[in-house]
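One structure below.
The values are calculated or read from the model by the stated rules, or taken from the named source; none is laboratory data. All values reported here derive from a predicted model rather than from experimental measurement. Backbone-built Cβ (ideal geometry, glycine too); neighbour counts: all protein chains shown.
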C-alpha cells in the first residue's frame, strides 16, 4: 500500500472512530476542562478570601462557607463606592482588583456548568447505564482514567473497585503500605453514612454492579441501571445492619 493509500485509510479509520466515539470524546474532553476550571477557580477563591478577609473576616462564615455565595456577596457589597466596606483601609484599586477576580471566578463557574451539561448529555447517549449508576461526572471520570469505555468493559470488578486509587495501590505494592479498598467510588453519595470498613464492603459489591453496567453499555445496550441501583441500596442497608 503506497503512501497516499495509507493516508486515506488512516483518515477513514479516524473518521470512523470519531463517529462511533464522538459522545465519549466530548464528555472526556469537557471533563478535562471542568477539572482545569475547578483548579483555577479554587486558586482565585483563595486569593480573594485572603485579601478580602483582611477587611471583613467574618463574611465567609455568614455566607455558610459557600464559595459561590461568598463571591456574589462581595460583589453586591462592593457595587457602590458609597457603601463599600473596604475603601477606608485598602483603597479603591484593591477593591477593583478583588471585584475583577470575583467576576473571573463567576465566569469560570458559568463555563464549568455549561460543560457539565455537555457531559450529562453525552453520557446519557454513550453510557446510560454507567451514567445512571455513578452519575454522569463520576462515570466520565472512570472512563477518562482508563482511556475508553471498551477498556473499562474488559476490567474485572476487583480492578474497577480501585480505579482512582492507583497511587495508593502503587505504594502498597512497592512499600507495603495499607492496601486501598476503593478509589473514585468514595465520591458516590451512597457511600455517605458508612465507616471505612463498611465502605470497603459496599465498594466490592458496587464494583460488581459497575462491571455489569459497563458491559451492558458496551455490548447488549440493555437498560439495567435502575435494578442495579436498587441492588446497591439494598446491600448498603444489609451492611449497616450487620456492622
Item to complete: With respect to residue 199, determine if the residue is assigned to a helix (DSSP H, G or I), out of contact with any strand residue (DSSP E or B) (no Cβ under 8 Å at 6 or more places or on another chain) and at pLDDT below 95.
Response: yes
Discussion item. Please determine whether any residue of the range 57-72 is closer than 13 Å to residue 103 by Cα, loosely packed, with under 14 Cβ neighbours inside 10 Å and either modelled with pLDDT of 95 or more or out of contact with any strand residue (DSSP E or B) (no Cβ under 7 Å at 6 or more places or on another chain) (or both).
Written reply: yes
